[in-house]
1. Can you tell me which of (1) more than 15 Å from the chain's Cα centre (by Cα); (2) assigned to a helix (DSSP H, G or I); (3) modelled with pLDDT of 75 or more is the one VAL22 doesn't meet?
2. If I filter the range 52-92 down to residues being of a type in the set (Gly, Ala, Ser) and open to solvent by less than 70 Å² (accessible area, probe 1.4 Å), which single residue comes out as modelled with the lowest pLDDT?
3. What pairs come up if the first residue lies in the range 22-40 and is free of Cβ contacts under 8 Å to residues at least 40 places away in the same chain, the second is outside any helix (DSSP H, G or I) and open to solvent by 50 Å² or more (accessible area, probe 1.4 Å), and their beta carbons are under 6 Å apart, counting only those six or more places apart or on different chains?
4. With respect to LEU37, determine if the residue is open to solvent by less than 50 Å² (accessible area, probe 1.4 Å) and modelled with pLDDT of 90 or more.
5. Given (1) open to solvent by less than 70 Å² (accessible area, probe 1.4 Å); (2) farther than 21 Å from ALA78 by Cα, identify the lone condition not met by ILE43.
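The values are calculated or read from the model by the stated rules, or taken from the named source; none is laboratory data. Bear in mind that the values here come from a model prediction, so they are computed numbers and not experimental data. A quick note on method: Cβ atoms are made from the backbone with ideal geometry, for glycine too, and the neighbour counts reach across all protein chains shown. Note: areas computed on protein heavy atoms with side chains; ligands, DNA, RNA excluded. Shrake-Rupley method; radii C 1.70, N 1.55, O 1.52, S 1.80 Å.
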Amino acid sequence: MSPSPAEQSGMLVLHLGREELVIRKRYETLSILNDILIGLWFIIGSFLFFSEATSYAATWLFVIGSVEMLIRPLIRFARHVHLRRFHPGDSEAIAANDY
């Protein structure tokens, strides 16, 4: 069985009933979702610091946000390794669009 056009182009297609969720540029999408989560953790944590009763939870949200800040360069690293493995001649040109 040959790969589908979506598999050949690197797209991820999820079937949800009669609908399809198509994710292109998986590493860029993962990086964007990670950035959104970082922002949410820090915003929620900031509001929780307004009350002494919720400062413990706020501290944990700041720790989670900090860990996710470390995840972003790991996503970028995985993207570079992945591109070099499958596109050895094009890796430098594609890497210029770093996320």
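1. Result: VAL22 fails condition (2) only.
2. Looking only at the range 52-92, we keep the residues that are of a type in the set (Gly, Ala, Ser), and these are 53, 55, 57-58, 65-66, 78, 89, 91.
Cutting the leftovers down to open to solvent by less than 70 Å² (accessible area, probe 1.4 Å) gives us 55, 57-58, 65-66, 78, 91.
On the way: SER55: 93, ALA57: 95, ALA58: 94, GLY65: 91, SER66: 92, ALA78: 81, SER91: 54.
Of everything passing the filter in the range 52-92, SER91 is modelled with the lowest pLDDT.
3. VAL22/MET11; ILE23/LEU12; ARG24/MET11; ARG26/LEU12
4. No: the conditions fail for LEU37.
5. (1)
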